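The values are calculated or read from the model by the stated rules, or taken from the named source; none is laboratory data. As the structure is a computational prediction, the values presented were derived from the model and not from experiment. Neighbour counts run over all protein chains shown; Cβ positions are idealised from the backbone, glycine included.
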């Protein structure tokens, strides 16, 4: 249950911070949004929610993959950013931690054939 909740917290954080980024910086003077910023604000939280769903369904490798997709290169770019934008890089790291936790738990459990 722990990795699933960690992945959901990561997806919530990613959704909130990407929404903040799109709201605060992607709106130009005329009131129109810049399309690449909106695509990123939908794409990366979508990837994070796919990782949260995978963690909830106990699929560790998909959770790891979604964490890596969110981290490289965009998350690494935002890690040294000041303020709340740093969370764009922290959220995929939390997803990676959830994935590693799930892989370690899977490795420690005995294999039972039904």
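Could you run through region 24-34 and say how many residues are closer than 21 Å to residue 83 by Cα and either at pLDDT 80 or above or surrounded by 13 or more Cβ atoms within 10 Å (Cβ to Cβ) (or both)?
So the first thing to find is which residues in region 24-34 are closer than 21 Å to residue 83 by Cα, and the list is 24-27.
Next, from what is left, pick out any that are either at pLDDT 80 or above or surrounded by 13 or more Cβ atoms within 10 Å (Cβ to Cβ) (or both): 26-27.
Number satisfying all stated conditions: 2.
Please go through region 66-114 and pick out each residue that is in contact with a helix residue (DSSP H, G or I) (Cβ under 8 Å, 6 or more places away or on another chain) and without any contact (Cβ under 8 Å) to a residue 24 or more places away in the chain.
Going residue by residue through region 66-114, those that are in contact with a helix residue (DSSP H, G or I) (Cβ under 8 Å, 6 or more places away or on another chain) are 66-71, 74-81, 84-103, 105-106.
Scanning region 66-114 gives 69, 75, 76, 77, 78, 79, 80, 81, 86, 89.
So which residues in region 1-15 are in contact with a helix residue (DSSP H, G or I) (Cβ under 8 Å, 6 or more places away or on another chain) and either under 12 Å from residue 89 (Cβ atoms) or loosely packed, with under 15 Cβ neighbours inside 10 Å (or both), if there are any at all?
Within region 1-15, the first condition is being in contact with a helix residue (DSSP H, G or I) (Cβ under 8 Å, 6 or more places away or on another chain), and the residues that meet it are 2-4, 6-11, 13-15.
Scanning region 1-15 gives 2, 10, 13, 14.
Do we have residue 87 as under 16 Å from residue 13 (Cα atoms), modelled with pLDDT under 95 and buried (at least 17 other Cβ atoms within 10 Å of the Cβ) here? Before you say what the answer is, go through the steps one by one.
Numbers: under 16 Å from residue 13 (Cα atoms): yes; modelled with pLDDT under 95: yes; buried (at least 17 other Cβ atoms within 10 Å of the Cβ): yes.
Yes; evaluated as a whole, the condition is true for this residue.
Please go through region 48-61 and pick out each residue that is part of a helix (DSSP H, G or I) and touching a residue at least 24 places away in the same chain (Cβ under 8 Å). Full working, then the answer.
Step one: list which residues in region 48-61 are part of a helix (DSSP H, G or I), which gives 48-56, 60-61.
Once the filter is applied, which keeps residues that are part of a helix (DSSP H, G or I) and touching a residue at least 24 places away in the same chain (Cβ under 8 Å), region 48-61 yields 48, 49, 51, 52, 54, 55, 56, 60, 61.
Would it be correct to say that residue 19 is assigned to a helix (DSSP H, G or I) and either touching a strand residue (DSSP E or B) at 6+ places or on another chain (Cβ under 6 Å) or loosely packed, with under 15 Cβ neighbours inside 10 Å (or both)?
Values: assigned to a helix (DSSP H, G or I): yes; either touching a strand residue (DSSP E or B) at 6+ places or on another chain (Cβ under 6 Å) or loosely packed, with under 15 Cβ neighbours inside 10 Å (or both): yes.
Yes, satisfied.
Which residue, of 41, 37, 55, is touching a helix residue (DSSP H, G or I) at 6+ places or on another chain (Cβ under 6 Å), surrounded by 15 or more Cβ atoms within 10 Å (Cβ to Cβ), at pLDDT below 95 and under 27 Å from residue 103 (Cα atoms)?
On the way: 41 fails: under 27 Å from residue 103 (Cα atoms); 37 fails: under 27 Å from residue 103 (Cα atoms).
Only one candidate passes the filter, namely 55.
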